[in-house]
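*Asks:* Take a look at this one; I'll ask things after.
Every number in this text was worked out from the coordinates using simple rules, so none of it is lab data. Model, not experiment: these values are computed from the prediction. Heads up, the Cβs are rebuilt from the backbone with ideal geometry, glycines too, and the neighbour counts pull from every protein chain shown.
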Amino acid sequence: MNRSVIIEACGRGKFNFMARVMLILMACGAVGFGCSKRSATIQSKYGGTQSVSGEQGKTVPAAESGRPLAATLELRDREGRMQKLSDLSGQVVLVHFWASWCPPCLPEIPEILNLAQKFEGKNVIVLAVSTDDKLESALKIFPAGTRFPKNLMILSDSGAVVADRYGSYMYPETYLLSREQRVLKKWVGPQQWDSEQIHGEIQNALN
């Protein structure tokens, strides 16, 4: 099937959400581990120098010498309101960098929504930070009528300014922040967000 036909059909909402994701993946010829925005080996702020080996679901530990404070984050949400990480002190925060043009990012989106819903009302905030040039492009992957949990914020980081500040180099990338906004863990590449292990790590951060 022609790529433009697939994308057009998806845009008209003829397919359910997961079917739409799979069609986009096929259209893009998605292979590999993640979407690299620059050199595969860089100095990562929270994980040291990392070399991407292609292993799916790679976990990068936070710096050994204590838990570093998370970088500042001030971005606009889908309603145009400015959201600040500093306003979320006292809550566990998941900062998830992704983009609509990144094929490995797309299958994670339903799981990210479910994760946020699972921890809704439990002092866990999920920041889904899109590095698309325009947030409208990112929002197009969500079917009409999608319910966004109250603890999920979709934020715009056009130009990847905040992603660079965090040292992100392989989308999707996700950071788990403590109530004191220290980096507890960094995940590089796609994860199984419905796994008991990840839910347990979030729960441990709450305790």
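*Asks:* Past the 20 Å Cα-Cα mark, which pairs from Lys118/Lys140; Lys118/Lys150; Lys84/Lys150?
*Replies:* The answer is Lys118/Lys140.
*Asks:* Which order do peptides 126-138, 73-85 fall in by mean Cβ count within 10 Å, highest first?
*Replies:* Ranked from most to least packed, the peptides come out as 126-138, 73-85.
*Asks:* Turning to a different aspect of this structure: Excluding Glu74 itself, what net charge comes from residues whose Cβ is under 12 Å from its Cβ, given Lys and Arg +1 and Asp and Glu -1?
*Replies:* Neighbour charge sum, excluding Glu74 itself: +1.
*Asks:* Which distance in nm do the two modelled labels at Asp77 and Glu180 give, with both placed 7 Å along the Cα-to-Cβ direction?
*Replies:* 2.7
*Asks:* Follow-up question, since we're still on this one. Can you list the HN-Hα couplings for segment 158-166, worked out from phi with the Karplus curve (6.51, -1.76, 1.60; θ = phi - 60°), rounded to whole Hz and with x for Gly and Pro?
*Replies:* Couplings: 4, x, 6, 5, 6, 4, 5, 4, 7 Hz.
*Asks:* What's the extension gain from Thr146 to Arg165 if we count 0.36 nm per residue and subtract their Cα-Cα distance?
*Replies:* 3.8 nm
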